[in-house]
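What follows draws every value from the coordinates through simple rules; no lab data is involved. Because the structure is predicted, anything quoted here is derived from the model rather than measured. Cβ coordinates were reconstructed from backbone atoms using ideal geometry, including for glycine residues, and neighbour counts include every protein chain displayed.
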């Protein structure tokens, strides 16, 4: 996994530019993060990539200690942090979610006021163990926000079921799933909202669920989405209005979870 993401580090940021669905997901995640944590909070980011979210939050007054498994991603992130003059608000090191206790000990800020992980936890095999470890790092009552691939996706069902391509809908039920990243075959895990709630329930209460996205098509269909013209505005409107509401929030391509530490 580390080698695969090292290979994509140099052009990773352009994904947000090239893929409008990824861009939408990024904005939804940032909006939730900025509205969830109190101003001035010290946050822990698991899987920080090239530091895009950390830098945005630092500009809003937060402090962020982030880490990523990819050394090349970390190098890129540190370059961006320096270019933005944010060294006093952001610290980034190399590490993986399963080692969160050890990695977080390198933070200069001690206990965290909250934590978040945008998509990175899909590569971790033991979310229950991760949740136990994370609960030791953030204060009681603090929020943890994470986004993970979903198992049942409304947009895939709407696209593929009329074509009789049911295997495209059911493939997410496989555990683990296999995806290709720059020539490397990686294992990821998709979860239903119920599964994620159960995995974190010992230390966290689930307070909100958001489909990310629910009505927009999956990110791999971005080329077809770009051809929709005015239809893009319709789908974005549906997502903005309904993706936080039951039952639609249970059927996004990814699911954003907002937990509160017990």
Projected area averaged over all directions for the convex hull of the alpha carbon atoms of the chain, nm², comes out at 13.3 nm²
Hits in the range 10-38: amide N under 15 Å from the 7 Å Cα→Cβ extension of residue 221, namely 20-22
Rounded to whole angstrom, the alpha-carbon centroid of the range 91-144 lies from that of the range 165-234 at a distance of 22 Å
Rounded to the angstrom and largest first, Cα extents along the principal axes for the range 162-201 equal 36, 32, 12
Inverse of <1/r> over all distinct C-alpha pairs of the range 84-123, i.e. the Kirkwood Rh in Å, gives 11.8 Å
Rounded to the angstrom and largest first, Cα extents along the principal axes for the range 78-230 equal 54, 41, 33
Final fewest-first order of 42, 161, 146 on the 10 Å Cβ neighbour count is 161, 42, 146
Each label sits 7 Å from Cα toward the beta-carbon; between residue 157 and residue 75 the label points are separated, in nm, by 4.5 nm
Here Rg/Rh (Cα, Kirkwood) for the range 76-150 equals 0.97
Checking 108, 176, 217 against a Gaussian network model of the chain (alpha-carbon springs below 10 Å), the top fluctuating residue turns out to be 108
Rounded to one decimal in Å, the inverse mean reciprocal Cα-Cα distance for the range 1-103, i.e. its Kirkwood radius, is 13.9 Å
For the range 123-210, the Cα gyration tensor yields equivalent-ellipsoid semi-axes (√(5λ), largest first, whole Å) of 29, 17, 10
Dividing the alpha-carbon radius of gyration of the range 1-49 by 2.2 N^0.38 Å, where N counts its residues, gives 1.40
Connecting every pair of Cα atoms under 10 Å apart in the chain and solving the GNM, the largest mean-square fluctuation among 116, 191, 246 falls on 246
Taking only the alpha-carbon positions of the range 174-262 as identical scatterers, the Debye log10 I(q)/I(0) at q = 0.10, 0.18 Å⁻¹ comes out as -0.35, -0.92
